[in-house]
Amino acid sequence: MGKPAVELVDVVKRFGDVVAVNDVSLKVEDGEFFSLLGPSGCGKTTSLRMIAGLETATEGDILLRGETMLGIPPFKRPVNTVFQNYALFPHLNVERNVSFGLEMKKIPKEEIETRVVEALEMVRMPDMAKRRPNQLSGGQQQRIALARALVNRPEVLLLDEPLGALDLKLRKAMQIELKQLQEQVGITFIYVTHDQEEALTMSDRIAVMHDGNVLQIGSPEEIYEQPINRFVAGFIGETNFLEGTVNQINGKTIDVSLDEHTIVKAHSNSSAHKGQKVGVAIRPEKISLASTGMIQGQILEIIYIGTDTRYIIRLKDDTSVTVREQNLNRIQSNKYQRGDEVGMNWDPAHALVLTE
Amino acid sequence: MAIEPRTRRERLTLNILLSPTLFWLIFFFAIPLVIILILSFLDNSPNGRIVWNIQLDNYIRFADQLYIKIFIRSFFIALITTIICLLIGYPMAYWMANQSLKKRNTFLLLIMLPFWTNFVIRTYAWKMLLARQGQINQLLIALKIIDEDNVHTFLNTNAAVIMGLIYIWVVAMVLACFASISGLDRSLLEAAQDLFANPARTFLRVTLPLTLPGIVSGSILVFVPSFGAFVTPDMLGGGKADMIGNLISQQFGESLDWPFGSAISAILMIVMLFGTLLYFRGLRSGEAQS
Ligand SMILES: Nc1ncnc2c1ncn2[C@@H]1O[C@H](COP(=O)(O)OP(=O)(O)O)[C@@H](O)[C@H]1O
Ligand SMILES: [Mg+2]
C-alpha cells in the first residue's frame with residue numbers, strides 16, 4: 001500500500017475560545033470510503049473544511065499523499081467538496097455548473113464537453129444540462145453537486161452530509177447508489193454524517209467523533225461489535241448498560257456483580273481490575289429470553305415491529321433492558337405477556353466490559 | 001410574493017389599504033405627467049401666457065445644435081458620474097459587507113450621516129472649497145505646489161460638476177451594491193475556490209454576476225438624477241457647464257416658456273425610460289449567454 005490519501009497529524013482547530021477539533025490524528029487510505037461520524041457540533045464539518053483548505057488548522061499538519069497542505073490555498077488542492085447545502089451556482093445552468101472546475105483548470109473545450117456528459121450520465125441526469133439549479137428538486141441538485149465535484153476526478157472527494165436534506169426513502173436509495181459510484185470510480189471518499197446507520201451502511205472505515213475528538217476508528221463491524229467506550233457503544237446502534245463491579249477475571253472473560261445475588265459474565269479488551277466499577281454493554285439482539293437466566297426481570301412493554309419484537313424489561317433495581325427477538329414464525333409474537341417474569345441470557349463474548 | 005385576494009371582502013379591504021398609495025401615485029405622479037405632456041404640445045405667447053394651439057414646434061425647436069450640445073454634455077456628465085460612483089461605491093460596499101455586523105452598522109450610519117444636512121448647503125460648501133480663493137487653492141499654495149499668481153480654476157468646470165454629483169450620489173451606489181453583496185451566499189464563493197478558481201476568478205465568475213442586480217439598480221439610481229440635475233451644475237458649473245436640468249428650469253423661470261420646458265422634460269423622460277429598458281435587455285441577453 002502506498003502513502004495514505006489523506007493524513008491528519010495532531011490537528012487542532014480553535015475558533016477563539018471554542019475548540020472545534022481537538023488533537024485529531026487519522027489516516028485515510030487510497031480508494032477508501034471513510035466516514036466521520038458524530039453528533040452535531042462535534043467538529044466533523046470543521047475537519048472536512050480543513051482538508052479542503054477552507055479553514056486553517058490552528059495546530060498540526062494535514063497531508064495529501066504524503067505532502068503537507070499547510071499554506072496551500074483551496075484552489076490549488078486536488079480535492080473537491082460536495083457541500084451540505086450543495087452550493088450550486090444559481091446564475092449558471094447545470095452544464096456550466098459541472099464544467100466550472102474544468103474551465104478553471106483550463107482543460108481543452110472538447111474534453112470538457114465529453115467529461116461533462118459523462119459526469120451527468122454517471123449521476124443519471126443526462127437530460128438536465130440546460131436547466132438552472134432552481135428548476136431542480138433537492139435530490140436532483142444533490143446529484144448535480146456530486147457531478148460537479150466528480151467531473152474533476154479529484155484525489156479525494158469530501159462530502160458533508162450530502163443526503164441530509166433528502167427524505168428517508170430517497171436517502172436510503174442514494175446511500176446505495178453513492179457507495180456503488182465510489183467503488184466504480186475508485187476515488188477516496190471522506191464522508192461526514194451524523195447518521196450512524198448511514199455510516200454503517202456505506203463506509204469501509206468510520207471515525208467516531210465526540211466534542212472535537214476522534215474516539216475510535218475502525219470498520220463498521222469493529223465499531224459496532226467492539227466499541228471502546230460508552231459513548232461509542234451508545235451512539236452506534238442501541239445498547240443496554242448494566243452497572244456493576246468486577247468480581248473475578250478469567251483471561252478475557254470477566255464476572256461482574258450487579259448486586260449481591262447477581263453476577264453476569266462479560267468480555268473485556270481493556271485492562272479491568274478486580275473491584276473496579278464498570279459498565280457491561282450488551283446489544284438488544286444479543287440477549288435471549290428464557291424462564292430463568294443470568295438476570296431476571298419483569299416485562300414492562302412488548303412492541304411488535306414487523307421483523308422483530310422488542311421487549312422492555314424492568315430489573316429489580318428499576319433499570320430497564322431492551323431485548324430484541326426476530327420474529328421467525330408467527331406464533332412467537334405472543335410467547336410472552338406483559339407482566340411476565342423472564343430470565344435473560346447471552347454469550348459472554350457478546351457482552352462488553354467498558355471501563356470509560 | 002403577490003397577494004391573491006380571495007373573497008369580495010378581502011378585495012375591498014385590500015383596495016382600502018392600497019387607496020392612499022394609489023391616490024398618492026395618481027395625484028403626485030400621473031396627473032403632473034399628463035399636464036406636462038399636454039403642455040409640451042401647446043403654444044406660448046411672448047408674455048408667457050399659454051396658448052391652446054396644438055402643434056409640434058416645441059419638439060422641433062429642441063433639435064437645435066445649442067440644445068443638443070447641452071443634452072449630450074448632460075449625458076456624458078451623468079455617465080462619467082455613474083462610472084466613477086461605481087468604481088468607488090462597489091469596492092466600498094464590498095469591503096463593508098465583509099466586516100462584522102457591528103462595524104457594518106456603524107459604517108452604514110456614517111455613510112448616511114451627510115444626508116442630515118441639506119444638499120444645497122453641502123454643495124455650497126464645495127463651492128467655497130473650490131473657489132479661486134478657496135481652501136483647496138490655499139492649501140496648494142501653502143504646500144508650495146502652486147504659487148499665488150497661478151491659482152487653479154476648479155469652479156465652473158465640467159469636472160467640478162461631476163465631482164459635486166459624485167459627492168451627492170455615491171451613497172446611493174454604495175447602498176445598492178451593499179444590499180446585493182451582503183446578500184451573497186458565502187458558500188458559493190467557497191465552492192468556486194474548491195473548484196480551482198483563484199480569488200480573481202472567483203470574483204469575476206461568481207461574485208460579480210451574482211451582484212449585478214446591485215450594480216444595475218445603483219447605476220440607475222445615480223444616472224437618472226445626475227442626467228436631470230440642475231442644482232449642482234447651477235452652483236458648481238456657474239453657467240459654463242449647463243446641463244439639461246438648467247435648461248428646463250430656465251424655461252419655467254426666466255424664459256417663462258412652460259410649453260418648451262415641458263417638451264424638454266418629456267424628451268428627457270422618454271430617453272431615460274428607453275435607455276433603462278435597453279440597459280435591462282442588454283443585461284438579460286448577456287446573462288443568457290453566460
Ligand atoms: N466559523 C466558526 N466560528 C466559531 N465557531 C465555529 C465556527 N465553525 C464551527 N464552530 C464551532 O465548532 C464546533 C464544531 O462545529 P462543526 O465542525 O460545524 O460541527 P459538525 O459539523 O460536527 O456539526 C461547534 O461548536 C461550532 O459551534
Ligand atoms: Mg456539520
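The values are calculated or read from the model by the stated rules, or taken from the named source; none is laboratory data. These numbers were taken from a predicted model, which means no experiment stands behind them. Methodologically, a virtual Cβ is constructed for each residue, glycine included, from the backbone with ideal geometry; neighbour enumeration extends over all protein chains shown.
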So A:Glu161, is it at positive phi, within 16 Å of ligand 1 (Cβ to nearest atom) and of a type in the set (Asp, Glu): yes
Residues satisfying the stated conditions in segment A:168-223, i.e. among the charged types (D, E, K, R), over 23 Å from A:Leu64 (Cα atoms) and surrounded by fewer than 19 Cβ atoms within 10 Å (Cβ to Cβ): A:Lys169, A:Arg171, A:Lys172, A:Glu177, A:Asp195, A:Glu197, A:Asp211, A:Glu221, A:Glu222
Boolean, B:Met243 is more than 17 Å from B:Tyr90 (Cβ to Cβ) and buried (at least 23 other Cβ atoms within 10 Å of the Cβ): yes
Filter result (within 19 Å of A:Ile51 (Cα to Cα), in contact with a strand residue (DSSP E or B) (Cβ under 6 Å, 6 or more places away or on another chain) and not polar (S, T, N, Q)) within segment A:170-203: A:Ile187, A:Phe189, A:Ile190, A:Tyr191, A:Val192
Counted residues, segment A:34-61 - those being away from ligand 2 (no atom under 14 Å from the Cβ) and either part of a loop (DSSP other than H, G, I, E, B) or surrounded by 21 or more Cβ atoms within 10 Å (Cβ to Cβ) (or both): 5
Those strands (runs of 3 or more DSSP E) lying entirely in segment A:271-349 with at least 3 residues free of Cβ contacts under 8 Å to residues at least 60 places away in the same chain: A:288-290, A:295-305, A:308-314, A:320-326, A:341-345
Qualifying positions in segment B:184-239 - in contact with a Ser or Thr (Cβ under 7 Å, 6 or more places away or on another chain) and either charged (D, E, K, R) or at the interface with chain A (Cβ under 10 Å from one of its Cβ atoms) (or both): B:Leu189, B:Ala192, B:Gln193, B:Asp194, B:Pro209
Only one of B:Leu101, B:Leu108, B:Leu129 that is within 22 Å of B:Thr157 (Cβ to Cβ) and assigned by TED's automatic domain parsing to the domain that holds B:Leu236: B:Leu129
Flag for A:Thr58 being in contact (Cβ under 8 Å) with a residue 40 or more places away in the chain, more than 12 Å from every other protein chain (Cβ to nearest Cβ) and out of contact with any Leu (no Cβ under 8 Å at 6 or more places or on another chain): yes
Any hit, segment B:202-219, residues being polar (S, T, N, Q), without any contact (Cβ under 8 Å) to a residue 24 or more places away in the chain and either surrounded by 15 or more Cβ atoms within 10 Å (Cβ to Cβ) or outside the structural domain of B:Cys85 (by TED's automatic domain parsing) (or both): yes
Count of segment A:103-112 residues which are within 9 Å of another protein chain (Cβ to nearest Cβ) and either buried (at least 18 other Cβ atoms within 10 Å of the Cβ) or not in a loop (DSSP other than H, G, I, E, B) (or both): 2
Residues within segment B:140-152 that are loosely packed, with under 12 Cβ neighbours inside 10 Å and closer than 24 Å to B:Gly238 by Cα, tallied: 3
Residue satisfying condition, being in contact (Cβ under 8 Å) with a residue 12 or more places away in the chain and either of a type outside the set (Ser, Thr, Tyr) or in contact with a strand residue (DSSP E or B) (Cβ under 9 Å, 6 or more places away or on another chain) (or both), within set B:Ile60, B:Ile146, B:Ile121, B:Ile80: B:Ile80
Residue identified as within 14 Å of another protein chain (Cβ to nearest Cβ) and out of contact with any helix residue (DSSP H, G or I) (no Cβ under 8 Å at 6 or more places or on another chain) among A:Arg65, A:Arg148, A:Arg77, A:Arg96: A:Arg96
Failed condition for B:Asp234, given (1) surrounded by 14 or more Cβ atoms within 10 Å (Cβ to Cβ); (2) in contact (Cβ under 8 Å) with a residue 24 or more places away in the chain; (3) within 22 Å of B:Val170 (Cα to Cα): (2)
Some residue of segment A:111-122 being at pLDDT below 95, under 22 Å from the mean Cα position of the chain (by Cα), away from ligand 2 (no atom under 16 Å from the Cβ) and assigned by TED's automatic domain parsing to the domain that holds A:Val94: no
Residue ID - modelled with the highest pLDDT, chosen from residues in segment A:246-270 that are of a type in the set (Ser, Thr, Tyr) and in a loop (DSSP other than H, G, I, E, B): A:Thr262
Some residue of segment B:140-154 being more than 14 Å from chain A (Cβ to nearest Cβ), under 25 Å from the mean Cα position of the chain (by Cα) and farther than 22 Å from B:Leu212 by Cα: yes
